[in-house]
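Reviewing the structure listed below.
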Amino acid sequence: MPSTFPVSLPVTLAAPDMPVPHAPLIRLENVTLTRGGRVVLDDISLEIAERRVGLIGTNGSGKSSLVRLLNGLLAADKGRITVHGLDAHEKASELPRTVGFIFQNPDHQIIFPTVAEEIAFSLEQAGMPRRQAAKEAVPALARFERAHWAERPVHALSEGEKQFLCIIAVLVMTPSLLILDEPFSSLDLPTRRRLEALVAGLDQQVILVAHELDAFAGYERVIWLHEGRVRGDGPPGEVVPAYRSFAEALA
Ligand SMILES: Nc1ncnc2c1ncn2[C@@H]1O[C@H](COP(=O)(O)OP(=O)(O)OP(=O)(O)O)[C@@H](O)[C@H]1O
(Lines give C-alpha, C1' and ligand atoms only; values in the text may rest on other atoms or scores of the structure.)
Protein backbone atom coordinates (compact mmCIF):
# COMPACT_ATOMS: atom_id res chain seq x y z
CA MET A 1 0.00 0.00 0.00
CA PRO A 2 1.38 3.46 -0.80
CA SER A 3 2.75 5.13 2.31
CA THR A 4 2.09 8.68 1.15
CA PHE A 5 -0.91 10.53 -0.14
CA PRO A 6 -1.03 11.28 -3.85
CA VAL A 7 0.38 14.43 -5.33
CA SER A 8 -1.17 14.01 -8.79
CA LEU A 9 -4.51 15.58 -7.96
CA PRO A 10 -6.64 17.90 -10.05
CA VAL A 11 -4.44 20.90 -9.39
CA THR A 12 -4.10 24.32 -10.94
CA LEU A 13 -1.09 26.13 -9.60
CA ALA A 14 -0.22 29.64 -10.77
CA ALA A 15 3.35 30.14 -11.98
CA PRO A 16 5.36 32.14 -9.41
CA ASP A 17 5.27 35.38 -11.42
CA MET A 18 1.55 35.16 -12.18
CA PRO A 19 -1.06 36.81 -9.95
CA VAL A 20 -3.00 34.24 -7.92
CA PRO A 21 -6.60 34.32 -9.18
CA HIS A 22 -9.13 35.31 -6.55
CA ALA A 23 -11.75 32.83 -5.49
CA PRO A 24 -15.46 33.61 -5.76
CA LEU A 25 -16.68 35.84 -2.97
CA ILE A 26 -18.00 34.96 0.47
CA ARG A 27 -19.78 37.89 2.06
CA LEU A 28 -21.11 38.25 5.59
CA GLU A 29 -23.03 41.44 6.35
CA ASN A 30 -23.76 42.31 9.99
CA VAL A 31 -24.21 38.66 10.94
CA THR A 32 -25.34 37.78 14.43
CA LEU A 33 -25.85 34.24 15.70
CA THR A 34 -27.35 33.16 19.01
CA ARG A 35 -26.87 29.63 20.39
CA GLY A 36 -28.29 28.37 23.66
CA GLY A 37 -29.55 31.87 24.43
CA ARG A 38 -26.07 33.45 24.06
CA VAL A 39 -24.77 35.66 21.28
CA VAL A 40 -21.86 33.63 19.84
CA LEU A 41 -21.27 35.74 16.71
CA ASP A 42 -21.81 39.45 17.15
CA ASP A 43 -22.41 41.70 14.15
CA ILE A 44 -19.73 40.16 11.91
CA SER A 45 -19.04 41.67 8.50
CA LEU A 46 -16.44 40.09 6.21
CA GLU A 47 -15.65 39.80 2.52
CA ILE A 48 -13.52 36.80 1.70
CA ALA A 49 -12.12 36.34 -1.81
CA GLU A 50 -8.73 34.84 -0.97
CA ARG A 51 -8.13 31.22 -1.92
CA ARG A 52 -6.48 30.16 1.33
CA VAL A 53 -8.01 31.51 4.52
CA GLY A 54 -7.33 30.46 8.12
CA LEU A 55 -9.66 30.92 11.05
CA ILE A 56 -8.18 31.00 14.56
CA GLY A 57 -9.25 31.82 18.09
CA THR A 58 -9.42 30.33 21.56
CA ASN A 59 -11.97 27.64 22.43
CA GLY A 60 -15.50 28.91 22.18
CA SER A 61 -14.59 32.03 20.19
CA GLY A 62 -17.09 31.15 17.45
CA LYS A 63 -14.99 29.54 14.69
CA SER A 64 -17.10 26.42 14.20
CA SER A 65 -20.27 28.46 14.44
CA LEU A 66 -19.04 30.80 11.71
CA VAL A 67 -18.11 28.07 9.24
CA ARG A 68 -21.36 26.22 9.92
CA LEU A 69 -23.22 29.31 8.74
CA LEU A 70 -21.40 29.05 5.40
CA ASN A 71 -22.71 25.60 4.52
CA GLY A 72 -26.18 25.99 5.98
CA LEU A 73 -25.70 23.79 9.06
CA LEU A 74 -26.66 26.86 11.10
CA ALA A 75 -28.79 29.87 10.17
CA ALA A 76 -27.97 33.43 11.26
CA ASP A 77 -30.40 35.30 13.48
CA LYS A 78 -29.56 38.60 11.83
CA GLY A 79 -27.63 39.77 8.79
CA ARG A 80 -27.02 38.38 5.33
CA ILE A 81 -24.61 35.73 4.04
CA THR A 82 -23.78 34.96 0.43
CA VAL A 83 -21.42 32.14 -0.52
CA HIS A 84 -20.20 32.04 -4.12
CA GLY A 85 -23.37 33.78 -5.27
CA LEU A 86 -25.77 31.74 -3.13
CA ASP A 87 -27.80 33.48 -0.46
CA ALA A 88 -27.34 31.24 2.61
CA HIS A 89 -30.91 31.83 3.72
CA GLU A 90 -32.76 31.56 0.41
CA LYS A 91 -30.57 28.87 -1.17
CA ALA A 92 -29.68 26.85 1.93
CA SER A 93 -30.54 23.56 0.21
CA GLU A 94 -28.00 24.29 -2.56
CA LEU A 95 -25.14 25.09 -0.20
CA PRO A 96 -23.96 21.51 0.51
CA ARG A 97 -23.08 21.07 -3.19
CA THR A 98 -21.09 24.29 -3.24
CA VAL A 99 -19.49 24.00 0.19
CA GLY A 100 -17.67 20.80 1.07
CA PHE A 101 -17.26 20.40 4.82
CA ILE A 102 -14.65 18.27 6.60
CA PHE A 103 -15.29 17.68 10.29
CA GLN A 104 -12.73 17.12 13.04
CA ASN A 105 -13.96 13.59 13.59
CA PRO A 106 -14.25 11.50 10.39
CA ASP A 107 -16.74 9.24 12.16
CA HIS A 108 -19.19 12.16 12.11
CA GLN A 109 -19.04 12.23 8.32
CA ILE A 110 -18.61 8.64 7.18
CA ILE A 111 -21.85 6.68 7.27
CA PHE A 112 -21.36 3.64 5.02
CA PRO A 113 -19.52 0.40 5.86
CA THR A 114 -17.18 0.36 2.86
CA VAL A 115 -15.10 2.99 1.10
CA ALA A 116 -16.81 2.43 -2.29
CA GLU A 117 -20.28 2.80 -0.77
CA GLU A 118 -19.25 6.06 0.88
CA ILE A 119 -17.96 7.48 -2.40
CA ALA A 120 -21.02 6.25 -4.31
CA PHE A 121 -23.21 8.08 -1.80
CA SER A 122 -21.28 11.31 -2.40
CA LEU A 123 -21.69 10.96 -6.15
CA GLU A 124 -25.40 10.39 -5.65
CA GLN A 125 -25.60 13.49 -3.45
CA ALA A 126 -23.98 15.38 -6.31
CA GLY A 127 -26.88 14.35 -8.56
CA MET A 128 -25.68 11.14 -10.18
CA PRO A 129 -28.29 8.35 -10.53
CA ARG A 130 -27.75 5.59 -7.94
CA ARG A 131 -26.67 2.79 -10.31
CA GLN A 132 -24.25 5.04 -12.14
CA ALA A 133 -22.85 6.31 -8.83
CA ALA A 134 -22.18 2.72 -7.73
CA LYS A 135 -20.27 2.14 -10.99
CA GLU A 136 -18.33 5.40 -10.81
CA ALA A 137 -17.11 4.99 -7.23
CA VAL A 138 -13.98 3.01 -8.12
CA PRO A 139 -12.93 5.33 -11.00
CA ALA A 140 -13.46 8.26 -8.63
CA LEU A 141 -11.17 6.63 -6.07
CA ALA A 142 -8.68 5.90 -8.84
CA ARG A 143 -8.39 9.64 -9.53
CA PHE A 144 -6.93 9.88 -6.03
CA GLU A 145 -4.82 6.74 -6.47
CA ARG A 146 -7.00 4.90 -3.97
CA ALA A 147 -8.95 2.41 -6.15
CA HIS A 148 -7.48 -0.37 -4.01
CA TRP A 149 -9.41 0.98 -1.02
CA ALA A 150 -12.82 0.35 -2.66
CA GLU A 151 -13.85 -2.78 -0.77
CA ARG A 152 -12.09 -1.93 2.48
CA PRO A 153 -14.30 -1.62 5.54
CA VAL A 154 -14.13 1.96 6.74
CA HIS A 155 -13.53 0.85 10.33
CA ALA A 156 -10.28 -0.80 9.19
CA LEU A 157 -8.81 2.52 7.98
CA SER A 158 -6.43 4.51 10.18
CA GLU A 159 -7.52 7.95 11.40
CA GLY A 160 -5.41 9.62 8.71
CA GLU A 161 -6.85 7.35 6.01
CA LYS A 162 -10.37 8.06 7.23
CA GLN A 163 -9.73 11.80 7.08
CA PHE A 164 -8.33 11.37 3.57
CA LEU A 165 -11.46 9.40 2.59
CA CYS A 166 -13.60 12.26 3.95
CA ILE A 167 -11.71 14.72 1.76
CA ILE A 168 -12.11 12.48 -1.34
CA ALA A 169 -15.82 12.00 -0.55
CA VAL A 170 -16.26 15.77 -0.48
CA LEU A 171 -14.08 16.52 -3.52
CA VAL A 172 -15.97 14.09 -5.80
CA MET A 173 -18.95 16.40 -5.29
CA THR A 174 -16.81 19.17 -6.89
CA PRO A 175 -17.52 21.90 -4.35
CA SER A 176 -16.08 25.35 -5.06
CA LEU A 177 -15.37 25.96 -1.36
CA LEU A 178 -13.80 23.48 1.03
CA ILE A 179 -14.13 24.08 4.76
CA LEU A 180 -11.98 22.07 7.14
CA ASP A 181 -12.97 22.40 10.79
CA GLU A 182 -10.01 21.23 12.89
CA PRO A 183 -9.32 18.28 10.60
CA PHE A 184 -5.84 17.57 11.92
CA SER A 185 -6.47 17.47 15.66
CA SER A 186 -6.20 13.70 16.08
CA LEU A 187 -3.47 13.10 13.48
CA ASP A 188 0.22 12.51 13.99
CA LEU A 189 2.65 14.99 12.44
CA PRO A 190 3.58 13.04 9.26
CA THR A 191 -0.08 12.34 8.46
CA ARG A 192 -0.96 15.97 9.15
CA ARG A 193 1.77 17.16 6.82
CA ARG A 194 0.55 14.86 4.02
CA LEU A 195 -3.01 16.11 4.37
CA GLU A 196 -1.81 19.72 4.48
CA ALA A 197 0.11 19.11 1.25
CA LEU A 198 -2.99 17.56 -0.31
CA VAL A 199 -5.11 20.57 0.66
CA ALA A 200 -2.42 23.01 -0.50
CA GLY A 201 -2.60 21.57 -4.03
CA LEU A 202 -6.35 21.88 -4.47
CA ASP A 203 -8.12 24.21 -6.87
CA GLN A 204 -10.89 25.08 -4.45
CA GLN A 205 -11.12 28.02 -2.11
CA VAL A 206 -10.20 26.67 1.33
CA ILE A 207 -11.12 27.85 4.81
CA LEU A 208 -9.14 26.03 7.49
CA VAL A 209 -10.04 26.18 11.18
CA ALA A 210 -7.07 25.01 13.23
CA HIS A 211 -5.31 25.43 16.55
CA GLU A 212 -2.00 24.29 15.00
CA LEU A 213 -0.71 27.72 14.02
CA ASP A 214 2.00 26.43 11.69
CA ALA A 215 -0.77 25.07 9.43
CA PHE A 216 -1.24 28.55 7.92
CA ALA A 217 2.15 28.84 6.24
CA GLY A 218 1.42 29.84 2.65
CA TYR A 219 -2.08 31.07 3.48
CA GLU A 220 -3.11 34.48 2.19
CA ARG A 221 -5.25 35.58 5.09
CA VAL A 222 -5.96 34.62 8.69
CA ILE A 223 -9.04 35.79 10.58
CA TRP A 224 -8.85 35.77 14.37
CA LEU A 225 -12.15 35.51 16.23
CA HIS A 226 -12.50 36.40 19.87
CA GLU A 227 -15.76 36.21 21.80
CA GLY A 228 -17.76 36.22 18.61
CA ARG A 229 -16.06 39.24 17.04
CA VAL A 230 -13.20 39.72 14.60
CA ARG A 231 -10.14 40.68 16.62
CA GLY A 232 -7.49 40.30 13.91
CA ASP A 233 -7.59 39.97 10.13
CA GLY A 234 -4.70 40.00 7.69
CA PRO A 235 -1.69 38.04 6.48
CA PRO A 236 -0.66 35.11 8.71
CA GLY A 237 2.71 36.79 9.39
CA GLU A 238 0.85 39.56 11.24
CA VAL A 239 -2.20 37.90 12.72
CA VAL A 240 -0.66 34.63 13.96
CA PRO A 241 2.07 36.21 16.14
CA ALA A 242 -0.45 38.69 17.60
CA TYR A 243 -2.78 35.82 18.46
CA ARG A 244 0.05 33.71 19.83
CA SER A 245 1.12 36.49 22.25
CA PHE A 246 -2.49 36.99 23.30
CA ALA A 247 -3.08 33.25 23.86
CA GLU A 248 0.20 32.79 25.74
CA ALA A 249 -0.68 35.66 28.06
CA LEU A 250 -3.89 33.81 28.95
CA ALA A 251 -2.03 30.61 29.89
N1 LIG B 1 -24.89 23.15 20.15
C2 LIG B 1 -24.68 24.27 20.86
N3 LIG B 1 -25.65 24.78 21.64
C4 LIG B 1 -25.47 25.90 22.36
N5 LIG B 1 -24.31 26.59 22.36
C6 LIG B 1 -23.32 26.12 21.60
C7 LIG B 1 -23.44 24.94 20.82
N8 LIG B 1 -22.28 24.72 20.19
C9 LIG B 1 -21.46 25.74 20.55
N10 LIG B 1 -22.08 26.56 21.39
C11 LIG B 1 -21.51 27.76 22.02
O12 LIG B 1 -21.16 28.67 20.98
C13 LIG B 1 -19.97 29.34 21.31
C14 LIG B 1 -19.01 29.22 20.16
O15 LIG B 1 -18.71 27.85 19.97
P16 LIG B 1 -17.90 27.35 18.71
O17 LIG B 1 -17.97 25.85 18.73
O18 LIG B 1 -18.35 28.07 17.52
O19 LIG B 1 -16.44 27.84 19.11
P20 LIG B 1 -15.04 27.42 18.51
O21 LIG B 1 -14.26 28.68 18.38
O22 LIG B 1 -15.21 26.59 17.30
O23 LIG B 1 -14.44 26.56 19.71
P24 LIG B 1 -13.41 25.31 19.72
O25 LIG B 1 -12.06 25.87 19.41
O26 LIG B 1 -13.50 24.84 21.14
O27 LIG B 1 -13.90 24.28 18.74
C28 LIG B 1 -19.44 28.70 22.61
O29 LIG B 1 -19.77 29.55 23.67
C30 LIG B 1 -20.22 27.42 22.73
O31 LIG B 1 -20.46 27.10 24.06
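The values are calculated or read from the model by the stated rules, or taken from the named source; none is laboratory data. What you are looking at is a predicted structure, and each value in this text was computed from that prediction instead of being measured. Reconstructed Cβ throughout: ideal geometry from the backbone, glycine too, with neighbour counts over all protein chains shown. Calculation scope for accessible area: heavy atoms of the full protein, side chains included, ligands and nucleic acids excluded. Shrake-Rupley method; radii C 1.70, N 1.55, O 1.52, S 1.80 Å.
Within the assembled protein chains, the solvent-accessible surface assigned to L195 is about 0 Å², based on a 1.4 Å probe. Could you compute the net charge surrounding D43? Neighbours are other residues with a C-beta less than 14 Å from the C-beta of D43; K and R count +1, D and E count -1. So the surrounding residues net to 0.
Here the label points at A126 and R229, each 7 Å from Cα along the C-beta direction, are separated by 4.2 nm in the simple model. Taking H226, H148 and ordering them by how much accessible surface each has at a 1.4 Å probe, largest first, produces H148, H226. As a check on your grasp of the helix formula, calculate [θ] at 222 nm for the chain: sum -39500 (n - 2.57) over DSSP H runs of n ≥ 4, divide by the residue count, round to the nearest 500. About -9000 deg cm²/dmol.
Of the accessible area of the chain, with the probe set at 1.4 angstrom, what percent is carbon plus sulfur? Exposed carbon and sulfur together represent 52 percent of the surface. The mean sequence distance of close C-alpha pairs (under 8 Å, at least 6 residues apart), as a share of the length of the chain, puts its relative contact order at 26 percent. Of all beta bridges that DSSP places with both ends in the chain, some 55 percent have antiparallel geometry. Where a ≥ b ≥ c are the square roots of the eigenvalues of the C-alpha gyration tensor, would you call the range 100-157 rounded, which needs a/c under 1.5, or, failing that, prolate if a/b is larger than b/c, or oblate? Oblate is the answer for the range 100-157, as a/c is 1.5 or above yet b/c matches or exceeds a/b.
Of the trypsin sites (Lys or Arg not before Pro) found in the range 119-204, those that fall in a DSSP loop while having at most 16 other beta-carbon atoms within 10 Å are R143. Per residue, the chain exposes 49 Å² of accessible surface when a 1.4 Å probe is rolled over the protein heavy atoms with every protein chain present. When nucleic acids and ligands are ignored and a 1.4 Å probe is applied, M173 ends up with an accessible area of around 40 Å². A 1.4 Å probe over all protein chains sorts F101, F246 by accessible area into F246, F101, starting with the largest.
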